[in-house]
Amino acid sequence: MKIADLITWFEAWANPTWCESWDNCGWQIEPGVLQEKTRVLVCLTPTLAVMQEAIAENANLIFAHHPLIFNPLKSLRTGEAIAEMVRLAFTHNIGIYTAHTNFDQVQDGTADVLAQILGLKEVTPIVPTQAGLGYGRVGLLEPFLTLQELLATIQTRLSPPNLIFSPSADLQQTISRVAVLGGSGASYISAVAKTGAQAYLTSDCKFHQFQESRDRNLILIDAGHYATERPACDRLVQKFQSLNLDWVQLSRKDEDFRQFFA
């Protein structure tokens with residue numbers, strides 16, 4: 001399959017026009033690779049380490065969840081990471097394509113994968129956007145779990161380096177309804193509270209957002225940005241493998257960017 005055909009297939013599923021106005025979905029760098037047979041390296045975040053990996057693997061496409069370019073560039077200068085990514089992309093003929101908020105909304109996107117990992121049933125979007133799609137997912141645990149069991153399940157299945165959760169007087173309380181949203185989901189706390197969810201799994205939550213959740217009688221669980229979104233990249237690799245591409249691999253150089261002192 002040519003790269004152009006892969007992108008056509010993907011955009012029929014997760015249209016880049018669905019992305020938010022502040023976002024940047026679609027081609028970040030296209031150095032003339034559309035007619036080449038696809039050798040794709042999938043990653044969460046396009047970094048220099050991932051680019052070097054792509055070069056070593058003779059890949060011609062980096063398919064990322066996070067955009068390389070968020071804001072309009074005013075200049076490209078030697079020594080800057082984005083400038084170096086651009087230079088290497090054109091030197092080695094490697095395209096960079098991003099699926100961000102469009103990928104968050106779709107079936108089998110970032111939110112759906114999290115819901116499936118926890119085994120949620122009767123799942124619906126936290127904030128619907130169109131025809132059954134939307135941001136986040138909320139559903140039922142079957143069987144119900146205690147809060148302690150839910151936290152242990154998240155730790156086992158996502159392996160976050162540091163799992164943070166709201167203070168609770170009773171780790172043995174029964175949890176039946178859970179909301180999930182991969183990446184930075186604290187701005188959705190109010191919407192989650194309206195769904196009747198007892199617990200909300202997301203990331204990048206601040207001190208006062210934990211306070212807000214407590215005041216709304218919602219248990220906030222922060223598993224970290226990387227742990228909540230990286231599984232969707234793995235799912236994307238599986239989907240690409242079903243298309244019989246020339247080569248596809250999940251990046252081994254993707255990073256969490258955080259380290260915790262034990």
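Miscellaneous remarks
- In a simple Cβ point-charge model (Lys, Arg +1; Asp, Glu -1; nothing else charged), segment 94-246 has a dipole of about 160 debye relative to its Cα centre.
- Cys residues of the chain that find no other Cys beta carbon under 4.7 Å: 43, 205, 233.
- Across the chain, Cα pairs under 8 Å and at least six residues apart give a relative contact order of 21 percent.
- Segment 1-80: trypsin sites (Lys or Arg not before Pro) in DSSP coil with no more than 14 other Cβ atoms inside 10 Å: 74, 77
- Summing charges over neighbours of residue 129, with a neighbour being any other residue whose Cβ is under 14 Å away from its Cβ, gives -3 when K and R count +1 and D and E count -1.
- Expressed to the nearest 5 percent, the antiparallel share of DSSP beta bridges inside the chain is 50 percent.
- Greater than 30 Å apart at Cα, pairs in 206/253; 121/239; 37/74; 37/253; 194/239; 74/239: 37/74; 194/239; 74/239
- Sparse-neighbour loop sites [chymotrypsin sites (Phe, Trp or Tyr not before Pro); segment 51-150; at most 14 other C-beta within 10 Å; DSSP]: 70
- Magnitude of the charge dipole, segment 3-103, Cβ model with Lys/Arg +1 and Asp/Glu -1, debye to 20: 200
Values quoted throughout were computed directly from the atomic coordinates according to the rules given, and no laboratory measurement underlies them. Predicted model only: the values in this text are computed from it and were never measured. Cβ coordinates were reconstructed from backbone atoms using ideal geometry, including for glycine residues, and neighbour counts include every protein chain displayed.
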